[in-house]
Amino acid sequence: MNIDIKVLDQLLDTATESFSNDEIPVSAAILNSKTNELIAFAGNNRQKECNVLGHAEINCILQAEKYIKDWRLDGFYMIVTMEPCDMCSMIIKESRLDKVYYFLPKKSLSTIDISLNKEQLSTYEEYKEKFNKLLTAFFDKMRWKPLFLWYNNPWEVFVWVIRFYIENIDQIHLIV
Ligand SMILES: [Zn+2]
């Protein structure tokens, strides 16, 4: 499986942009199975659009269908940075895409059995590592986000401490 370096870089750029926008850093591309022409490209926008369907794979499919003016995507394949979730797998199957190539295995277990023509890419280790680093950094960022928000707003921390003191003055006096 040969992927144009431009497509790989674009996948990386889109995933990095998603990371900066607090979206899960996953990106997807759809290409012509015969000519390898890139026809659609997308990242996640679930948070921004407040849309449960805003996964990279679904955004990419919608773009591709609009581009070729057909909801059937046979004759095209998808490259995605992470193995599609159950929701996306169903949509991919319905869209008739020929095949899905992915870099990283998904973290959640499948709850439904979808026989999807998919294959994990065993090459492009350098990119695989970068996609993985972005995902790990994203989940770390989400875990520590409240702390970062505090750190970035010392005034808010001060107000919170004062409010906490006033609201709990009785208990504090009992302890001190
Ligand atoms: Zn998904």
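The values are calculated or read from the model by the stated rules, or taken from the named source; none is laboratory data. Model, not experiment: these values are computed from the prediction. Positions of Cβ are backbone-derived with ideal geometry, glycine not excepted, and every protein chain shown enters the neighbour counts.
I'm checking my understanding of the structure. Among residues of the stretch 72-96 that are outside any helix (DSSP H, G or I) and of a type in the set (Val, Ile, Thr), which one is farthest from the ligand (Cβ to nearest atom)? Before you say what the answer is, go through the steps one by one.
Of the residues in the stretch 72-96, the ones outside any helix (DSSP H, G or I) are 72-85, 96.
Next, from what is left, pick out any that are of a type in the set (Val, Ile, Thr): 79-81.
Working: ILE79: 15, VAL80: 9, THR81: 12 Å.
By that ranking, first place goes to ILE79.
Of LYS48, LYS130, all but one fail to be within 15 Å of GLU23 (Cβ to Cβ), charged (D, E, K, R) and either in a loop (DSSP other than H, G, I, E, B) or away from the ligand (no atom under 12 Å from the Cβ) (or both); the exception is LYS48. None of LEU62, LEU8 is assigned to a helix (DSSP H, G or I), touching a helix residue (DSSP H, G or I) at 6+ places or on another chain (Cβ under 9 Å) and modelled with pLDDT of 95 or more except LEU8. When the stretch 100-125 is filtered for residues that are outside any loop (DSSP other than H, G, I, E, B) and under 19 Å from ALA56 (Cβ atoms), the ones remaining, listed by number, are VAL100, TYR101, TYR102, PHE103, LEU104, LYS118, GLU119, GLN120.
Exactly one residue out of SER33, SER20, SER27 is hydroxyl-bearing (Ser, Thr, Tyr) and more than 17 Å from VAL100 (Cα to Cα), and it is SER20.
Taking into account only those residues within the stretch 25-35 that are touching a strand residue (DSSP E or B) at 6+ places or on another chain (Cβ under 9 Å) and in a loop (DSSP other than H, G, I, E, B), which is surrounded by the fewest Cβ atoms within 10 Å (Cβ to Cβ)?
Filtering the stretch 25-35 down to residues touching a strand residue (DSSP E or B) at 6+ places or on another chain (Cβ under 9 Å) leaves 25-33.
Next cut, in a loop (DSSP other than H, G, I, E, B) only: 25-26, 33.
Working: PRO25: 28, VAL26: 31, SER33: 14.
Among them, the one singled out is SER33.
Checked against the criterion of being farther than 17 Å from THR14 by Cα, touching a Ser or Thr at 6+ places or on another chain (Cβ under 9 Å) and away from the ligand (no atom under 12 Å from the Cβ), the stretch 98-109 has at least one qualifying residue. For the stretch 1-53, a tally of residues being touching a Pro at 6+ places or on another chain (Cβ under 9 Å) and not aliphatic (A, V, I, L, M) returns 7.
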